[in-house]
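Student: Dropping the structure in here first, questions after.
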Amino acid sequence: MIRPIVLHPDARLKKKSVQVESITDALIKLADDMMETMYDAPGIGLAAPQIGVLERLIVMDCAKKEGEEPDPIIMVNPIITASSAEKSVYEEGCLSIPEHFAEITRPEFVQVEWVDLDGKQHSEEFNRLKSTCIQHEIDHLNGKLFIDYLGPMKRQLITRKMQKFKREKLRGDE
Ligand code: NI
């Protein structure tokens, strides 16, 4: 089921999400809905708070080039256990801030621990786009958006444009 995506600015996007205590049928359904919502958008990552659920769950699929095999990843309670001093820069966007993009500098490599939907523990190193995507999605679980890395002027400009976009969308939905 495709769920509506929470748009910035919204208090739910600024909150810290809680740990998932157990893998339930409801959680599996939630992950399934998130994956469907992400592919439909389309996007390469989605965090639970972006559909209004303040739990530590993210989904991604960074295989976005034509002809590339799908590469869906679901992470429950992901944490970054190490990150590199080397940085990489990507132009980031966010399904909660549509049509706005900015170059963001982040560690190039991260070591990530997470639990999958079978309750199995994983630890893996990621680089490049996947690394950026994971860091962006984990930020969502901590109430942080990519625009929080920008200067206040740029951030306020995007926020004002998003407020206008949401007002117009609301009127259009009536
Ligand atoms: Ni995002």
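The values are calculated or read from the model by the stated rules, or taken from the named source; none is laboratory data. What you see is a predicted model; the values in this text were computed from it and never measured. Virtual Cβ from ideal backbone geometry, glycine too; neighbours counted across all protein chains shown. We work out accessible area using only protein heavy atoms, side chains counted, and drop any ligands, DNA or RNA first. Shrake-Rupley method; radii C 1.70, N 1.55, O 1.52, S 1.80 Å.
Student: Could you list the trypsin sites (Lys or Arg not before Pro) in the stretch 1-100 that lie in coil according to DSSP, counting only those with at most 15 other Cβ atoms within 10 Å of their Cβ?
Tutor: Loop-located and lightly packed - Lys15, Lys16, Lys64, Lys65.
Student: Here is a follow-up. Counting only DSSP beta bridges with both residues in the chain, tell me the antiparallel percent, nearest 5.
Tutor: Of all bridge pairs located within the chain, approximately 95 percent are antiparallel.
Student: Ok, one more. Would you rank Ser22, Ser96, Ser84 by solvent-accessible area, highest first, keeping every protein chain in place and using a 1.4 Å probe?
Tutor: So the residues, ranked largest to smallest area, are Ser22, Ser84, Ser96.
Student: Rolling a 1.4 Å sphere over the protein heavy atoms, what is the accessible area per residue of the chain, to the nearest Å²?
Tutor: Spelled out: the 1.4 Å probe surface of the chain, per residue, equals 56 Å².
Student: How much of the accessible area of the chain, in percent, comes from carbon and sulfur atoms when a 1.4 Å probe is used?
Tutor: Result for the chain: 52 percent of the exposed heavy-atom area is carbon or sulfur.
Student: Order Glu66, Glu168, most accessible first, counting only protein heavy atoms with a 1.4 angstrom probe.
Tutor: Glu66, Glu168
Student: Cut-off under 23 Å on the C-alpha distance; same-chain residues fewer than 8 positions from Lys29 excluded. Which lysines are left, in chain and number order?
Tutor: Answer for Lys29, where 23 Å is the Cα cut-off: Lys15, Lys16, Lys120, listed by chain and number.
Student: Please compute the contact order of the chain in relative form: average sequence separation of alpha-carbon pairs under 8 Å and at least six residues apart, divided by the residue count, as a percent.
Tutor: 23
Student: OK, next. For the chain, what does -39500 (n - 2.57) per DSSP helix run (n ≥ 4), summed and divided by total residues, give at 222 nm, in deg cm²/dmol to the nearest 500?
Tutor: The helix-only estimate for the chain comes to -10000 deg cm²/dmol at 222 nm.
Student: Average the reciprocal distances over every distinct pair of alpha-carbons in the stretch 73-124, invert the result, and give the Kirkwood radius in Å.
Tutor: Computed over the stretch 73-124, the radius equals 12.9 Å.
Student: Here's another thing I want to ask about it. Could you compute how much accessible surface Thr105 exposes when probed at 1.4 Å, giving the result in Å² to the nearest 10?
Tutor: The accessible area of Thr105 comes to roughly 80 Å².
Student: In the neighborhood of Lys87, defined by Cβ-to-Cβ distances under 10 Å, what is the net charge if each Lys or Arg adds +1 and each Asp or Glu adds -1?
Tutor: -1
Student: Going by the alpha-carbon gyration tensor, a ≥ b ≥ c the square roots of its eigenvalues, is the chain rounded (a/c under 1.5) or, if a/c is not under 1.5, prolate (a/b greater than b/c) versus oblate?
Tutor: oblate
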